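Asker: Sharing a structure, written as structure tokens. Questions coming.
Please treat every number below as a calculation from the coordinates, not as lab data. Just so it is clear, the model here is predicted, and its values are computed rather than measured. Every residue, glycine among them, receives a Cβ derived from its backbone with ideal geometry; neighbour counts consider all protein chains shown.
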Amino acid sequence: MNKNWTRLIILTAVTVVVVIFGWRIPQNINSIVSSDNINEQKSLMNRKATAATSDSVTNTSIREDGTIMLNNQPFFPFGLYHDSSYISDWYGANAKRLEDLKEIAAAGFNTIRPQIGGNYDADIAFLNEAQSNGIYVLSSFNYDKRTEIVNRYKFHPAILGWEIVDDVDHPNNGYSVGGVIDWKLDVKSTDSSRITYVSGAFPKRIEPFFNLADVLGFQSYPIDNDPNVSKPLRSHYYALWSVTDAARNKNQSIIANLQTFPWQDIAPSPKQLRNMTYSALINNVKGIVYYSYFYPGWELSENSALWNELKSLVPEIKELNSVLLEGTWKRINTGTENLFAAEWRYNGSVYVVALNASPTDTKEASIPISEPVTGSAQALFSNRPQGMVFNQGKLSGSIQPEDVHVYKLPL
């Protein structure tokens with residue numbers, strides 16, 4: 001048969017089929033394509049749209065000295081945990097999470113550690129709100145669905161990093177080094193542009209988990225009802241000292257998870273909270289994320305004295321931000337029990353933090369400053385404890401129980 005006639009017959013047949021049966025095609029497609037597939041396609045388009053509206057997807061990494069790098073700029077995370085996942089009503093949980101995010105943003109914090117992955121639309125609304133307020137999200141999620149969740153949200157520029165596992169060193173959890181490594185590889189293979197994070201609490205158990213994630217959070221919750229701990233701030237300091245020194249030798253970046261909740265029915269006092277914060281800084285942590293702004297049964301904002309004290313620390317950390325990120329740090333041996341100090345050399349000055357971890361005793365301090373100081377000591381925060389003077393290479397004066405002093409000295 002002539003090829004032209006063959007083509008004409010085939011074309012005519014196809015046309016007849018389309019005319020007769022074409023009206024059934026949309027119905028058949030709808031029976032094949034599930035609503036889940038359609039929703040997933042919509043989600044993918046929404047994620048790409050979110051990424052397209054931002055300048056770029058956030059990139060985080062770790063500098064050689066353990067500092068977190070955010071889009072190639074040093075970053076000191078200062079923020080709070082938020083545990084709304086324990087609310088059984090997801091709608092209420094997401095509304096609570098969004099409402100509290102706005103309070104945390106208004107206070108000036110730059111980081112939050114919530115749970116994501118429960119409801120896509122609510123999560124995107126939360127991440128968008130965080131981005132618009134300059135808050136970065138250290139994300140926790142259902143670990144069994146880690147690659148799915150990371151892939152779903154990695155497009156959003158508010159994501160700072162991914163928590164691989166919490167309480168990594170708790171003996172009851174039974175986490176293995178190999179298992180955590182596998183989880184890290186799962187996350188990194190899905191999103192290589194973000195840091196990974198684990199958190200633990202036991203100085204004598206945590207070291208095997210060093211370098212399984214880019215950043216390790218060390219939990220220190222020293223304020224409780226234990227009658228055997230008469231000097232909790234001292235215990236807090238030495239726990240941090242132990243972990244940060246061990247981590248420094250193994251190039252593990254450490255951030256502090258500090259207590260803002262009642263452990264065994266006792267929350268820190270405002271003075272203890274400030275002391276714990278500066279104790280962490282003396283130990284050269286690379287960020288502080290407090291536990292917790294909220295969990296069922298606890299609202300930090302309802303403890304007005306503690307919440308106001310924490311908010312008052314925000315401008316202090318902002319004032320010290322460049323010093324902490326770019327200054328040359330050195331711990332100082334004060335030679336006095338319960339008196340701890342460190343110095344940072346930065347931009348033509350020496351910054352000194354000194355604190356008294358004793359709950360009862362005033363300390364007469366005479367702190368040696370190794371740098372060639374040329375002038376007098378200036379209290380960095382006028383409304384905080386002060387009164388020490390610099391003379392003959394030493395910063396001297398009285399420090400009341402649990403007080404913190406911060407000074408700037410010119411070189």
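Asker: Measure out, as a whole number of angstrom, how far apart the alpha-carbon centroids of the stretch 372-401 and the stretch 213-292 sit.
Answerer: 25
Asker: What's the exposure ranking of Arg97, Arg63, going from fewest to most Cβ atoms within 10 Å? Write down the numbers at each step before the final one.
Answerer: Working: Arg97 25, Arg63 14.
The most exposed by this proxy come first: Arg63, Arg97.
Asker: Compute the angle between helix 177-190 and the longest alpha-carbon principal axis of the chain, please, reported from 0 to 90 degrees and rounded to the nearest 10.
Answerer: Helix 177-190 and the main axis of the chain meet at about 60 degrees.
Asker: Let me ask another. Under a plain spin-label model, where a point goes 7 Å from the Cα along Cα-to-Cβ, how far apart in nm are Leu411 and Ser396?
Answerer: Distance between label points: 2.5 nm.
Asker: Full-extension gain between Val389 and Asn211, please, as 0.36 nm times their residue separation minus the C-alpha to C-alpha distance. Before the final figure, lay out each step's value.
Answerer: Working: separation 178, 0.36 × 178 = 64.08 nm, distance 4.18 nm.
Full extension of this stretch gives 59.9 nm more.
Asker: Separate question: Tell me, how many Å apart are the Cα centres for the stretch 100-164 and for the stretch 301-330?
Answerer: Spelled out, the Cα-based centre of one part sits 22 Å from the other.
Asker: Next question, about the same structure. Stretched out fully, how many nm does the piece from Lys250 to Tyr143 gain, at 0.36 nm a residue minus the Cα gap? Mind showing how you got there, number by number?
Answerer: Numbers: separation 107, 0.36 × 107 = 38.52 nm, distance 2.66 nm.
The span from Lys250 to Tyr143 would gain 35.9 nm if fully extended.
Asker: May I ask you to derive the FRET efficiency for Lys318 and Tyr91 from their Cβ-Cβ distance with R0 = 35 Å, giving the value to the nearest 0.05?
Answerer: Values: r = 35 Å, r/R0 = 1.00.
My answer for the efficiency is 0.50.
Asker: Order of Arg113, Arg345 from fewest to most other C-beta atoms within 10 Å? List each step's numbers first, then the result.
Answerer: Values: Arg113 28, Arg345 16.
With the sparsest Cβ surroundings first, the list reads Arg345, Arg113.
Asker: For Glu99, put the label point 7 Å out on the Cα→Cβ axis and report which residues of the stretch 118-139 keep their amide N under 15 Å from it.
Answerer: Label zone hits: none.
Asker: Would you mind checking Lys250/Lys363; Lys188/Lys311; Lys145/Lys311; Lys231/Lys330; Lys184/Lys271 for any pair whose Cα atoms are more than 29 angstrom apart? Write out the running numbers ahead of the final one.
Answerer: Details: Lys250/Lys363 34 Å; Lys188/Lys311 34 Å; Lys145/Lys311 35 Å; Lys231/Lys330 25 Å; Lys184/Lys271 38 Å.
Violating the 29 Å Cα-Cα cut-off are Lys250/Lys363; Lys188/Lys311; Lys145/Lys311; Lys184/Lys271.
Asker: Out of Trp344, Pro368, Ala357, whose Cα points farthest toward the positive end of the dipole of the stretch 329-410 (charges: +1 Lys, Arg; -1 Asp, Glu; placed on Cβ)?
Answerer: Trp344
Asker: Which lysines, on any chain, are close to Lys318 with Cα under 17 Å apart, when same-chain ones fewer than 8 places away are left out?
Answerer: Reachable lysines: Lys286, Lys408.
Asker: What's the exposure ranking of Ile266, Ile399, Ile135, going from fewest to most Cβ atoms within 10 Å? Each step should come with its number before you reach the end.
Answerer: Working: Ile266 14, Ile399 25, Ile135 21.
Going from least to most buried by this count: Ile266, Ile135, Ile399.
Asker: Using Cα-Cα distances under 8 Å and only pairs 6 or more residues apart, what relative contact order does the chain have, in percent?
Answerer: Working: 748 pairs, mean separation 50.7, N = 411.
Once divided by the residue count of the chain, the mean separation gives 12 percent.
Asker: Tell me, in nm to one decimal, what length is gained between Asp167 and Leu185 on full extension, where the rule is 0.36 nm per residue of separation less the Cα-Cα distance? Please list the in-between numbers first.
Answerer: Numbers: separation 18, 0.36 × 18 = 6.48 nm, distance 1.89 nm.
Difference between extended and current length: 4.6 nm.
Asker: Mind pulling the angle between the C-alpha long axis of helix 35-53 and the longest principal axis of the chain? Nearest 10 degrees, somewhere in 0 to 90.
Answerer: 50
Asker: Identify which of the listed values of P(r) over Cα pairs in 10 Å bins from 0, in percent was calculated from the structure shown: (i) 4, 20, 28, 21, 11, 6, 3, 3, 2, 1, 0, 0; (ii) 4, 21, 31, 27, 12, 3, 1, 0; (iii) 5, 21, 29, 22, 14, 7, 2, 0.
Answerer: Looking at P(r) over Cα pairs in 10 Å bins from 0, in percent for this model, the match is (i).
Asker: So what's the back-of-envelope 222 nm ellipticity for the chain, counting only DSSP H runs of four-plus at -39500 (n - 2.57) apiece and dividing by all residues, rounded to 500?
Answerer: On the way: 10 runs with 152 residues, N = 411.
Taking each H run of at least 4 residues, the total per residue is -12000 deg cm²/dmol.
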